[in-house]
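Novice: Please find one structure pasted underneath; my questions will follow.
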Amino acid sequence: MRVTLAQKKHEIGEKEKNLKIIEKTAEEEKDTDLLIFPEMFLTGYCLRDRLWYDSEKIPGLSSREISRAAVENETNIICGMPERVKTDGRLRNTALLATSDGELHRYRKTYLPNFGPFQDKRYFQADDDIPVFETPVGKIGMLICYDIFFPELAKTMAQKGVEIIAVISASPSTTRTYFEKVITTRAIETTSYLFYSNLVGREENMYFWGGATAISPKGEIIGKGKYFEEDLVKSEIELDALSNARRNRPVLNDTRKEIMNADRLIS
């Protein structure tokens with residue numbers, strides 16, 4: 001199975017241009033089975049009050065176009081975007097998963113940073129669902145940026161049988177050292193493949209460092225992107241290797257579910 005992390009420069013507020021980048025990359029990388037773009041790649045991250053105008057429902061115009069690109073190129077595409085939710089009219093920071101068989105799935109960011117340069121809580125509503133999706137290329141879970149610092153999310157996905165965890169991110173250069181440490185930890189403790197796709201380039205006063213990373217269930221770096229430059233990080237993986245990794249280090253099998261109750265842990 002081939003996985004490609006698309007470390008492409010985007011244009012803030014230029015949804016149509018960014019959509020064309022997604023479509024072109026999918027066409028050029030037809031040999032990949034899973035193509036992963038970063039957090040908010042469709043619109044850019046620092047949109048602030050423009051977020052509402054560039055947000056879309058799912059399914060919507062952009063998600064349908066991404067789905068079409070996935071089907072036509074026989075691949076699966078993950079991309080970050082602002083989602084407008086019909087039920088409550090609020091926005092979510094969403095990871096869209098368009099599969100090669102025409103399905104649309106989504107994960108909505110659980111933990112919203114609201115410190116330093118981050119103002120997610122001002123614009124987005126947090127979500128509580130932690131899904132794992134059955135896809136043509138395996139069981140996929142998704143996390144968005146700050147989510148990675150909360151191990152219960154990845155652990156929950158692992159308990160649901162996740163095989164691949166895609167982490168999409170808009171991490172500026174000041175946070176690089178934190179992310180490079182924690183993503184490897186999450187791969188090891190869940191014995192899952194983990195793919196980290198981060199924005200690259202500049203938005204206002206934020207410099208995104210790129211550094212897309214592919215990590216094996218044993219914590220080995222099997223693919224690494226350049227810093228502050230465009231790149232395509234391609235990895236070949238075998239899902240059969242998961243059973244070997246989980247047999248050698250049976251952290252999932254040995255997990256005591258009876259002590260994972262939140263009330264018990266904080267009492």
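The values are calculated or read from the model by the stated rules, or taken from the named source; none is laboratory data. The model shown is predicted, which means the values in this text are computed figures rather than measured ones. Reconstructed Cβ throughout: ideal geometry from the backbone, glycine too, with neighbour counts over all protein chains shown.
Novice: Do we have any residue at all in segment 117-132 that's in contact (Cβ under 8 Å) with a residue 24 or more places away in the chain and at positive phi?
Specialist: Checked against the condition, which is being in contact (Cβ under 8 Å) with a residue 24 or more places away in the chain and at positive phi, segment 117-132 yields no hits at all.
Novice: Restricting attention to segment 155-185, report how many residues are closer than 20 Å to ARG108 by Cβ and without any contact (Cβ under 8 Å) to a residue 40 or more places away in the chain.
Specialist: Looking only at that region, the number is 7.
Novice: Go over the candidates PHE179, PHE118 one by one and state the one that is closer than 21 Å to PHE228 by Cα and crowded, with 20+ Cβ neighbours inside 10 Å.
Specialist: Within the list PHE179, PHE118, the selection yields PHE179.
Novice: Another question about this same structure. I'd like to verify a number: residues in segment 219-246 that are assigned to a loop (DSSP other than H, G, I, E, B) and closer than 20 Å to VAL137 by Cα, how many?
Specialist: Total satisfying the criteria: 4.
Novice: Answer yes if at least one residue in segment 165-172 is touching a Leu at 6+ places or on another chain (Cβ under 8 Å), modelled with pLDDT of 95 or more and in a helix (DSSP H, G or I), and no otherwise.
Specialist: No, that holds for no residue.
Novice: Go through segment 1-26 and count every residue that is acidic (Asp, Glu), assigned to a helix (DSSP H, G or I) and under 20 Å from GLY210 (Cβ atoms).
Specialist: Here the count works out to 0.
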